[in-house]
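Trainee: Pasting in a structure now, in structure tokens, and then I'll have a few things to ask.
Nothing in this text is a laboratory measurement; each read-out follows from the coordinates by a stated rule. Everything numeric in this text was worked out from a predicted model, so none of it was measured. Glycine gets a Cβ as well: all are built from the backbone with ideal geometry, and neighbour counts include every protein chain shown.
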Amino acid sequence: MPPMPSPKPAASGYTAGTTSPLYWCTYGTPGAPRLLVLHGGPGAHHDYLLPQMLALDGVAGPRELLFYDQRGGGKSRTTDHAPITWRTQVVDVGALIQEFELDRPTIVGYSWGGLLAMLYAAEATRDDALPRPIRLVLVDPAPVTRAFRAEFEAEFARRQSGADVARMRQELSDSGMRERDPEAFRQRNFELSVAGYFRDPGDAKDLTPFRVTARVQQSVWESLGDYDLVADGTLERTAVPALILHGRQDPIPLASSQAAAAAMDAKLAIIEDCGHVPYVEQPEALFSAIGAYLSA
């Protein structure tokens with residue numbers, strides 16, 4: 001089945017305050033308090049979070065949701081071949097906050113976007129050019145150390161090569177869908193390519209497909225090097241209230257989010273029966289927890 005269609009944004013355009021134009025769009029309730037939403041990747045684009053993440057409007061009163069495609073991905077592709085680093089992405093977040101005059105914004109970051117939000121908050125404590133956020137909501141953030149990232153990569157590879165995914169791939173191959181309905185075949189093939197993120201790979205369905213720009217993904221991770229945001233004091237330096245949500249069966253180690261929560265003195269909410277995609281797997285638990293946090 002194709003994914004649920006997403007509504008058209010209330011407004012959209014390209015930033016003028018960044019060194020490379022970045023595509024942005026807004027959803028939700030115009031004029032309501034804004035949430036800045038950072039998608040995963042790196043090198044992906046915002047629309048794979050839709051339409052499910054639009055439920056953020058209403059979890060704690062009306063909200064206007066500001067999404068954008070991070071530099072190098074989606075509609076923010078660039079012909080500049082200079083490496084895109086984590087610092088590039090941090091500067092872009094600050095420029096976007098300033099351009100939209102977000103006064104001490106709440107930042108919601110998913111996966112890589114969660115890690116980017118942590119990096120941004122930490123840098124904002126020592127760079128007056130970066131407006132400081134008031135709080136962070138970090139949904140299954142990317143690993144906070146290179147060692148945790150290695151664990152994630154090994155676990156994801158194990159799941160992707162498992163019997164369940166192999167069976168579903170064979171079923172797709174035998175279905176004749178490639179010839180009968182090429183678009184549906186591409187949709188299902190994409191879903192199987194990300195099935196390892198889910199607690200139950202059978203739940204990887206009706207997803208909005210996305211593409212990752214490999215050059216961007218590689219350059220951002222390379223810029224972090226052999227990173228450890230706990231040991232080097234980065235997470236302690238964020239100095240901003242935060243809620244970290246983590247699916248119990250996420251291939252990203254729960255220990256990563258536990259370490260982050262301890263270093264940041266953040267609240268940690270574990271979502272049961274859930275992998276890396278709570279807005280699909282356990283939306284009620286996810287948005288209830290976020291609503292409670294934003295209402296406190």
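Trainee: With a cut-off of 8 Å between alpha carbons and a minimum separation of six or more residues, what is the relative contact order of region 152-203 in percent? Mind showing how you got there, number by number?
Mentor: Details: 30 pairs, mean separation 21.6, N = 52.
Computed value for region 152-203: 41 percent relative contact order.
Trainee: Using only Cα atoms, find the angle between the long axis of helix 86-99 and the longest principal axis of the chain, and express it within 0 to 90 degrees, rounded to the nearest 10.
Mentor: Around 60 degrees separate the two axes.
Trainee: Continuing with the same structure: Between ASP164, ASP206, ASP181, find the one with the highest GNM mean-square fluctuation for the chain; connect C-alpha pairs within less than 10 Å.
Mentor: ASP181
Trainee: State, as an integer percentage, the relative contact order of the chain based on alpha-carbon contacts under 8 Å between residues 6 or more apart.
Mentor: Values: 597 pairs, mean separation 62.0, N = 296.
Over the chain, the number comes to 21 percent.
Trainee: Once Rh is set to the Kirkwood radius over Cα pairs, what Stokes-Einstein translational diffusion coefficient, in µm²/s, holds for region 152-203 at a temperature of 20 °C and a viscosity of 1.002 mPa s?
Mentor: Values: Rh = 11.4 Å.
My calculation gives 188 µm²/s for D.
Trainee: A follow-up question, please. Given [x] 22.3, 72; [y] 18.5, 58; [z] 24.6, 87 as candidate values of Rg and Dmax of the Cα atoms in Å, which corresponds to the one derived from the coordinates?
Mentor: [y]
Trainee: Report, in debye and to the nearest 20, how large the dipole of the chain comes out about its Cα centre when Lys and Arg carry +1 and Asp and Glu carry -1 on their Cβ.
Mentor: Values: 28 positive and 37 negative charges, 72 e Å.
Using Cβ point charges on Lys, Arg, Asp and Glu, the chain gives about 340 debye.
Trainee: Could you name the aspartates and glutamates in cross-link range of LYS8, using Cα to Cα under 13 Å and dropping any fewer than eight places away on the same chain?
Mentor: ASP47
Trainee: Quick one: if the Förster radius is 41 Å, what FRET efficiency do GLU155 and ALA16 give, using the C-beta to C-beta distance and rounding to 0.05? Provide the component values of the computation, followed by the final result.
Mentor: Values: r = 42 Å, r/R0 = 1.02.
The computed FRET efficiency comes out at 0.45.
Trainee: Would you compute, for the Cα atoms of region 99-199, the largest minus smallest coordinate along each principal axis and list the three values in descending order, in whole Å?
Mentor: 58, 33, 18
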